[in-house]
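Taken together, the values in this text are just the output of simple stated rules run on the coordinates, not laboratory data. The model shown is predicted, which means the values in this text are computed figures rather than measured ones. Cβ coordinates were reconstructed from backbone atoms using ideal geometry, including for glycine residues, and neighbour counts include every protein chain displayed.
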Amino acid sequence: MLLPLLLACADPVPEDLDTDLERGWVASILREPDQFSATVDANRDGWIALHANNLDAAINAGGPPAVRAQHELEQLYVALSAMASHAWQEAAETWAARAGIPAGSALPLVAAFAALEGGDKEAARLWAEKLDESAPPEHQQLAAEIAAGDITDQTPLGACYRSHLAVRQGDAMSTDCPSPLVEEDGRTLHDPMVFATRAAQLRAPEAVAGLSGLEATLFSARWPGSGSPPVALVDSFATGEHDDPDGLRQRVRAADALLARWEKQQRDAAPEGLSLLDELKLIEGYRSRALAEHGRQRLLAGQPRSAQAAALMALDAEAGRAVTALNPPVLFVVLADADVRTGRSREALDMLAPLADVTPEVSGLVETLGDLVVLEGMTRLGDSKEN
Amino acid sequence: MNWHSVAVASLLVAGAATAKPFRYAEDQAPAIVNPLFTTTMSEARLSELLFEGLFTDDADLSTTPALAERFELADDLMSVELWLRKGVQFHDGHPFSAEDVVFTIEAMKSDQTLSTEAGRVRWIQQAEQLDSHRVRLSFAEPQPHPEDRLFFKILPAHRFRSTTVKRTDPFRANPIGTGPFMLERYNEDGSISLRRHESYRKTAGIDAVSMREVSDKKYQVGLLIYQSLEALVRVLPRDIALLDKDRNVELYPYQTNSWWYLGFNLERAPYGEPQVRQAIAQLVDVEGLLAPVGTGDLLSGPFVPSSPFYNHEVPRWEHNPEAGAAALEAAGYQRTEEGAWEKGGQPLSLTIRAHKTVDSAQEVVIALQSQLKAEGVQVRIDFLDEAAWKGAVWGDRDFDLIVSQWSFDRNEDIREQFHSAGSRNFTGYRNEAVDALLETARTARDPQDKKRALRDVHRIVRDDAPMVFLWTLDSYSAMGTSVRDVVIHPFYYFTWAADWRLQ
């Protein structure tokens, strides 16, 4: 429970902080435990898995938890796609600057795909222009198509690109892309497009919209479909336009005091509700998901240090290398992406490790980040010490 | 000293000082504060507060000027001219100049100095002073980014008689640098007090720093919770839960790519025989050793699992006493009626040396002794203080087996530990294939060639077993919330400490 540890709040509580607990599922479970039990009993394994952030198991269990888990997995892939687009280009830029693009390599084409994933056609064109003259003719053709903004399926990589786009428009994969995407001279280049495509495959907006009440909101950081105002705890951590991790930490600590105060005020609730609150760590789970979501928002706003601070305050460090009920998988994407955006590509590898079992596609991102780590250190001298 | 008195003493120290200090704990205090001989993380962290290099990392880990102001690289990449920052003073008021840069490089390169950091300047052929604040460095091979290699700390030439510097030079107890903090005093309780260097180019947000040696990790946690410390550099996994829930504490990842190991002395019989080393690797229950420390990832080789160089296809030596016994028998050992192993009437015995001041290492060593004794290996334990450790391990290589840990920066360059000419190759390990792969890794232009080479090294080193690779711990630093604007360097920790504020 938060309560015993959070009573001594030294920081003043800003007036605009809104923990939003009363409007959501935490209060609902506390006040109406029977309704919660009825909801959960209809698909016990699925809800248990969703509570534990075991998305795969929740999807396999079917029913409303599967819809929710699929939606969360889709969002996870969206976050990974954003990270991958950035990380691939960073790796390619560093490769070009530190070691030079290998003669005839398809590296610029893969970097161009990564730029297109980020919606940057101009960057894609610039990458395509860097293709070496010694590259195979089909790569030359693809480079010309990228530069012209019209990628066809006339080349193997172009066909793969088109296939990804087809999936995102609701069609089946027309061409199976090789994995890794390119193998050349003992070198492997991985596909930066797999994440957005996987997200598209998981997207099921009608199924999500079909949920209501607890089925729509349970264990979520927001209250979708509940009719409540959109401003919730997620947004309450905002500190303005500057990347201000200390300011964020203070707001989180203040919010923690509010959460603890709310918890203290619930002492007269039904014992069943209090028991659920405690045993399922509902407030902590809500807090960690809200902070993870806020971290995502900070990344989108170009504030990686605040994103990192939010995610670290969410992280249950006791199980800091594992997806748990308090460590949703997206938390690790936020931490890894923030690391890459602050020059800590090596540390990003630590953060991606827990996702290996959740999203197998992450292995290509890990290898690409590994290349980046090596390239960044290429002109440096390593240091080692005892202890 | 008991718990209560530790806390009270620290409060008294805090109260007596005119400035509120930033107090942090190390498991063991630095034995030497001289950047020429930095071998431990605690020394490296303290050096980061006291000294500066020509270049350093900015907050995004890109190279940025520190004592250098700018540089011009020759077109042939064979030399660089450095313009040094003017108006910089050492802690004793002496002005910093080109003479100090040339002196530092020559002292590090000197064969008589035997600097443990000599490898950091080996690539510099010559250092010339052009004027008071201009230096030219020449190289044996082209250097496209020499600034990336000029992070070593600059020493004050005027404090030394020559470029031959002994480990015992009085400078180690009276270090003078240009860094944001300067030594104030060594205290009777073993702590070290620093105060702000007022002539530093920007005003540090912290007035004073106090480093305390606290080997007992539980004491460390208690001191932080009761606000008798502002920071614990490294928290054991078993203590994370308690600190994570404390509202006045923030946890920051501080991984340092570190791993624990048992290191054999291959130059001492019978540990030169791979079969004996492999046998011991299988007699040891690594998970049992880890239990008192907490949770961690077990390793099969000389990298942490998240490393680009970790070879995930290589299995670790599993705890398998039967296989270990078979390996010993194959090496000519027989079991006596009492269950002890012997060969030619000589018992299989070893002396384990470990750090006296590292509480967690002591627990591991005692458990290891118990495990090996149960399997018929005679074990003697020798706990050494830091100075004795440096003498026995770094100097004389006088050990059978050591228990220790290595920390690596993000390059995870293991050459010094495993190359036959490596300066930190305590074990005496020699394998030509590994030497060649390490050279490939160092010179490769393609990052994937480097990854492949080091993954091969992982495989070979695991089989050769000069070390038994134990584990890496999920590592955090804990900081009181009174410390603001904290950004921790992933290896040196204090690189940006001048920007921290204490409220």
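So the values come out like this:
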read-out: R0 of 45 Å, Cβ-Cβ distance B:Arg501-A:Thr188: FRET efficiency to nearest 0.05; value: 0.45
read-out: Cα convex hull of the range B:124-187 - mean projected area over all directions, nm²; value: 6.5
read-out: Tail beyond 22 Å, pair distance distribution of the range A:118-194 (Cα, percent); value: 21
read-out: For the range B:258-473, share of DSSP beta bridges that run antiparallel, in % to the nearest 5; value: 60
read-out: Cβ-placed point charges (K, R +1; D, E -1), dipole of chain A about Cα centre in debye, nearest 20; value: 580
read-out: Projected label distance in nm at B:His158 and B:Asp76, using a 7 Å step from Cα toward the beta-carbon; value: 3.7
read-out: Highest-first arrangement of A:39-52, B:149-162, where packing means the average Cβ count within 10 Å; value: B:149-162, A:39-52
read-out: Relative compactness, the range B:34-76, computed as alpha-carbon Rg over 2.2 N^0.38 Å; value: 1.44
read-out: Full-extension gain in nm, B:Glu322 to B:Ala241, via 0.36 nm per residue minus C-alpha separation; value: 25.4 nm
read-out: The protein assembly as shown, Rg to Rh (Cα coordinates; Rh as Kirkwood inverse mean 1/r); value: 0.97
read-out: Net charge, A:Thr152 excluded, C-beta distance under 13 Å - Lys, Arg +1, Asp, Glu -1; value: -3
read-out: Distance in nm between pseudo-label sites at B:Trp394 and B:Asp131 (7 Å out along the Cβ direction from Cα); value: 3.9
read-out: For the range B:414-433 and the range B:240-304, distance of Cα centres in Å; value: 20
read-out: 14 Å tail of the calculated P(r), the range A:169-225, as % of Cα pairs; value: 70
read-out: Debye-sum result for the range A:11-148 in log10 I(q)/I(0), which assumes one identical scatterer on each alpha carbon, at q = 0.11, 0.12, 0.17, 0.18 Å⁻¹; value: -0.67, -0.71, -0.89, -0.95
read-out: A:Glu15-B:Asp485 FRET efficiency (beta carbon distance; Förster radius 30 Å; 0.05 resolution); value: 0.75
read-out: Whole-Å distance, taken between Cα centres, linking the range B:330-390 and the range A:152-173; value: 62
read-out: Beta bridge orientation in the protein assembly as shown: antiparallel %, DSSP, nearest 5; value: 75
read-out: Contact order relative to length of the range B:258-473, as percent, for alpha carbon pairs under 8 angstrom and 6 or more apart; value: 35
read-out: Where the Cα pairs of the range B:162-214 fall when distances are cut into 10 Å bins, in %; value: 23, 41, 29, 7
read-out: Rh by Kirkwood over Cα pairs, then Stokes-Einstein D for the range B:53-155 at 1.002 mPa s and 20 °C, µm²/s; value: 154
read-out: Globularity index of the range A:31-93, i.e. its alpha-carbon radius of gyration over 2.2 N^0.38 Å; value: 1.56
read-out: Angle between chain A longest axis and helix A:245-265 axis [Cα atoms, degrees, rounded to 10]; value: 30
read-out: Contact order normalised by residue count of the range B:101-257, Cα under 8 Å, 6+ apart, percent; value: 13
read-out: Euclidean distance of C-alpha centroids, the range A:317-381 and the range A:181-196, integer Å; value: 18
read-out: D_trans [Stokes-Einstein, Kirkwood Rh over alpha-carbon pairs] for chain B, 25 °C, 0.890 mPa s, µm² s⁻¹; value: 101
read-out: All lysines inside 30 Å of B:Lys356 as judged from Cα atoms, apart from same-chain residues fewer than 8 positions distant; value: A:Lys385, B:Lys153, B:Lys166, B:Lys217, B:Lys218, B:Lys373, B:Lys390
read-out: For the range B:258-473, the fraction of alpha-carbon pairs in successive 5 Å shells from zero, as %; value: 1, 7, 15, 20, 20, 17, 12, 6, 2, 1, 0, 0
read-out: Angstrom value of the Kirkwood radius, inverse mean 1/r, which spans all Cα pairs in the range B:80-237; value: 18.1
read-out: Over chain B, relative contact order from alpha-carbon pairs under 8 Å, at least 6 apart, %; value: 19
read-out: For chain A: span of alpha carbons on each principal axis (Å, largest first); value: 76, 50, 38
read-out: Dipole in debye (nearest 20) - the range B:398-497, about Cα centre, beta carbon charges: Lys, Arg +1; Asp, Glu -1; value: 320
read-out: Rounded D (µm²/s) - the range B:280-365, Kirkwood Rh over Cα pairs, Stokes-Einstein at 25 °C, 0.890 mPa s; value: 159
read-out: Computed [θ] at 222 nm, deg cm²/dmol, chain A (DSSP H ≥ 4; -39,500 (n - 2.57); rounded to nearest 500); value: -18500 deg cm²/dmol
read-out: Estimated [θ] at 222 nm from DSSP helical runs (n ≥ 4, -39500 (n - 2.57)) normalised by residues in chain B, nearest 500; value: -7500 deg cm²/dmol
read-out: Enclosed volume per residue, in Å³, of the convex hull spanned by Cα atoms of the range A:286-387; value: 114
read-out: FRET E, pair A:Arg162, A:Glu133, Förster distance 25 Å, beta-carbon r, rounded to 0.05; value: 0.50
read-out: GluC sites (Glu not before Pro) restricted to DSSP loop in the range A:92-157 with at most 14 other C-beta within 10 Å; value: A:Glu133
